[in-house]
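The structure under discussion appears below in the form of structure tokens.
The values are calculated or read from the model by the stated rules, or taken from the named source; none is laboratory data. Bear in mind that the values here come from a model prediction, so they are computed numbers and not experimental data. Methodologically, a virtual Cβ is constructed for each residue, glycine included, from the backbone with ideal geometry; neighbour enumeration extends over all protein chains shown.
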Amino acid sequence: MVRLVSMVLLVAVGLGGCATEKMSGEQLARVAKDWSLSIRASQVIPVYPLTEDLQPGDVFLVQTPIEEQVKVYLDKGFLPLENLVTRLSLTGYAEFYRGWPKIGDGADAPPRPWQFPTPEAADADFSHAPLAAFPTYNFSVSRSGGLSVAIPVQSVPVGLNLLDSASANGTITLKDAYTYALPARRTYDAIHAWSEDNAAYLKQFEPTTPVQEGKVVTKAQEFYLRVINRVYLVKTVDVSLFSNRATSAAGSAGVPQPVQLLNIANANTDAAKQFEAINQILANAGSPAPAGAANAGAASEAGAMPPPVAVGGSIKLAMATSRSVSFVETFRRPLVIGYLASDYAILKGGMLAAPTPTFSMLEGRRVISGQAIPYQGCDADCLRIRPWLKQAGNQAKLVSWLEAQGGSIAIADLLTGNHADLRRNVVKDLIEGSN
Amino acid sequence: MALQPPSPQTNVPRDDVGNVADAMLLDVRVKWIAIVFEATAGVDQFTVTPYTSDPTSGG
């Protein structure tokens, strides 16, 4: 019984130890980065902190220059999603997921039917959501040096305390993962329609030119709209920790002093009782008052309300041996852990440039503009357009003219690509027409 | 609708590489341009490729 009490204390210390207010800013930053690096390895842009309030059609204003943005991304591991501009009312789920049960448009658009199957239902039902799978991530933790790899789930510090170990290796498995999306073409149409209605708003984010005042040079600024196309959600996280060192307790250094009481293989322990006791503590942790905790725990079992663990999920001890513990942490509803998006540079007049994939850009992958076209030479019309283009205001005229044609090809493509007819019309409409 | 970014162009003769690159740079999204020699008999030709991000990192 004495050992059970000490175990209970260790768990309580573990829960207290994971309280964010006790962590230094540096540790918190590392939690974000290490988690994000793991998610990034799956070709997904990480979200930190995890949230369920992110979905395709969310539009963020990205204010940092692209070079700075890449630097922030590489440094922190994720991009702060701080300036939510709008949430586009996208349609097209019914068409994109044709034949898929319980996916539609309007009120049936994902994720609402999964989050709230009926107005009365307290539990989410993602059983009809498209599935996703993530690899198992390995990490190591060390109490002495802080968490050398940290993840935004509570199980790790709890497990470390349960093991009473100074350091451990572990694995994290993202279970019950889901994803849904709309094709980028849909979001392209929607963001352009929105930008036309909000040109005055976007105009304030036109690209700026470098300004030199004395010795101070203000760098040119470019702004982007980041439009979410796909999100990934996770409901359950399995964490396993394997002690790789002796206890951290000063009085017993070098002596393995693990959770013998939880070792099912140990005939001298009453494992079932220990499991029950520890899971009861985990379930009650973070509840506002002892009486409330008891009630909340009972209600949670009945499915009426979420488990009372404060940080967002319920932890359950799944397995323990003398050197290892495993937890299952379940969020009340699946949380978004990552996304894919497209970036649209805001141009002069609040117009939007062609989209570039956010992930490719952030990862420093080559973003070329399109398929190569053969140079056709500069014909007579090209030779007339080139000098005309250098005159003030004519580039804007040509851009407007090209946009009105619908194809929106680039000026460089127009001049020396396979567009002789278009060049002829440019000369006729803009050069000869203005004389 | 904004213009598409410029496409890479192949078979660009040496004496027009500057003009082609100049036209590509009219698009402010273009930050880098690669000019790569194409081994051809007779006139020197190049492939001119615009990039919207640093092509020397990653990828």
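List of remarks:
- All positions within the range A:399-414 that are part of a helix (DSSP H, G or I), over 14 Å from residue B:10 (Cα atoms) and not polar (S, T, N, Q): A:399, A:401, A:402, A:403, A:404, A:411, A:414
- Residues within the range B:13-39 that are within 18 Å of residue A:377 (Cβ to Cβ) and either without any contact (Cβ under 8 Å) to a residue 24 or more places away in the chain or basic (Lys, Arg) (or both), tallied: 8
- The range B:1-18, subset of a type outside the set (Gly, Ala, Ser) and more than 7 Å from chain A (Cβ to nearest Cβ), residue surrounded by the fewest Cβ atoms within 10 Å (Cβ to Cβ): B:15
- The lone criterion from (1) at pLDDT 85 or above; (2) closer than 17 Å to residue A:398 by Cα left unmet by residue B:4 is number (1).
- Here A:182, A:163, A:225, A:174 are screened, and the one residue that is at pLDDT below 85 and either among the hydrophobic types (A, V, I, L, M, F, W, C) or surrounded by fewer than 23 Cβ atoms within 10 Å (Cβ to Cβ) (or both) is A:163.
- Checking each residue in the range B:23-50 for being surrounded by 15 or more Cβ atoms within 10 Å (Cβ to Cβ) and among the acidic types (Asp, Glu) picks out only B:27.
- The condition of being closer than 16 Å to residue A:234 by Cα and of a type in the set (A, V, I, L, M, F, W, C) does not hold for residue A:190.
- Filtering the range A:402-416 to residues that are more than 7 Å from every other protein chain (Cβ to nearest Cβ) and modelled with pLDDT of 90 or more leaves only A:414.
- Some residue of the range A:95-106 being assigned to a loop (DSSP other than H, G, I, E, B), in contact with a His (Cβ under 7 Å, 6 or more places away or on another chain), modelled with pLDDT of 80 or more and among the charged types (D, E, K, R): yes
- Checking each residue in the range A:357-389 for being at pLDDT below 75 and either part of a strand (DSSP E or B) or more than 7 Å from chain B (Cβ to nearest Cβ) (or both) picks out A:357, A:358, A:359, A:360, A:362, A:368.
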